[in-house]
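Only one structure is covered here, and it is reproduced in the block below.
The values are calculated or read from the model by the stated rules, or taken from the named source; none is laboratory data. This one's a predicted model, so the numbers in the text were calculated from it and none came from an experiment. A quick note on method: Cβ atoms are made from the backbone with ideal geometry, for glycine too, and the neighbour counts reach across all protein chains shown.
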Amino acid sequence: MSKVLGIGGSPRQNGNSDILLERMLKGVRDEGLASEEVRLRDYQFQPCIGCERCRKDRRCTGLQDGMQLIYPKIREAGGMVLVSPIYSYNMTALMKAFIDRLYSFYHFDDARPGHWHSQLENQGRKAVIAVVGEQSTREDGGMELTLETMRRSVLALGYDIIGELPVLGIFHKGKVREYPQVLEQAEDLGRRLASQVRESETRFRNP
Ligand SMILES: Cc1cc2nc3c(=O)[nH]c(=O)nc-3n(C[C@H](O)[C@H](O)[C@H](O)COP(=O)(O)O)c2cc1C
């Protein structure tokens, strides 16, 4: 599992999320861990259709699409980075569709409301979340809400979140390049993530 998977949720090529994700993954590699980048816009996949076939099959069998290429990458990577711009006060539709498709990692019982647990939990998995938006305060443009929704989803899957990067006041494509201190923070988070993934994997191998 010694790898970090970066998930980019922006539809805009070479935009701020792409730049932040690249810098975080550079930090990961500088710390000696492998990285892989998935830009969701490059994959053809549908939102979850609620067919619930995953309850029985324990994996997504209802939709044979690009997510089937991403699922094994998630299983294999001990660390995950999620980056999304804010669209209309929350994550992009791409990132939301991706997160909904991770529903197939849950096991549910038949009670209502049901109990559930994640196939990915208790394995020492670590994650980082980054969000970029135009507005300049955390409350104004949906930063707080976006971080909260992404955070809850990642925690529910069984990851520890080792850091979050809210990037405010950035609108134009590539503008974040003009903020070297933000890029340095991104790189530093990547390094910290890599070192925690490595540490956690050593602990799980030698309990
Ligand atoms: C459809 C759309 C909706 C947006 N909604 C918000 C918003 O609610 N709050 C905000 O702060 N920024 C909003 N923005 C601005 C983007 O978050 C901002 O431009 C960001 O830097 C884009 O990141 P990217 O270059 O990675 O795509 C919106 C942009 C678009 C295109």
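Suppose the filter is hydrophobic (A, V, I, L, M, F, W, C), more than 25 Å from GLU144 (Cα to Cα) and out of contact with any His (no Cβ under 9 Å at 6 or more places or on another chain); does ALA186 pass it?
Working: hydrophobic (A, V, I, L, M, F, W, C): yes; more than 25 Å from GLU144 (Cα to Cα): no; out of contact with any His (no Cβ under 9 Å at 6 or more places or on another chain): yes.
So ALA186 fails the test.
For region 48-106, a tally of residues being over 15 Å from GLY9 (Cα atoms), of a type in the set (A, V, I, L, M, F, W, C) and buried (at least 19 other Cβ atoms within 10 Å of the Cβ) returns 5. Taken over region 52-89, the criterion of being of a type in the set (D, E, K, R) and within 30 Å of GLY163 (Cβ to Cβ) is satisfied by ARG59, LYS73, ARG75, GLU76. Pairing residues of region 71-96 that are more than 17 Å from GLU201 (Cβ to Cβ) and free of Cβ contacts under 8 Å to residues at least 60 places away in the same chain with residues that are hydrophobic (A, V, I, L, M, F, W, C) and in a helix (DSSP H, G or I), at Cβ distances under 8 Å and at least 6 apart in sequence or on separate chains, gives TYR87/ALA93; TYR89/LEU145; ASN90/LEU145.
Considering only region 83-179, give the strands (runs of 3 or more DSSP E) lying wholly within it that have at least 3 residues that are within 16 Å of the ligand (Cβ to nearest atom) and either modelled with pLDDT of 95 or more or touching a helix residue (DSSP H, G or I) at 6+ places or on another chain (Cβ under 6 Å) (or both). Working first, answer last.
On the way: elements: 106-108, 116-118, 126-132, 160-167.
The strands (runs of 3 or more DSSP E) meeting that bar are 126-132, 160-167.
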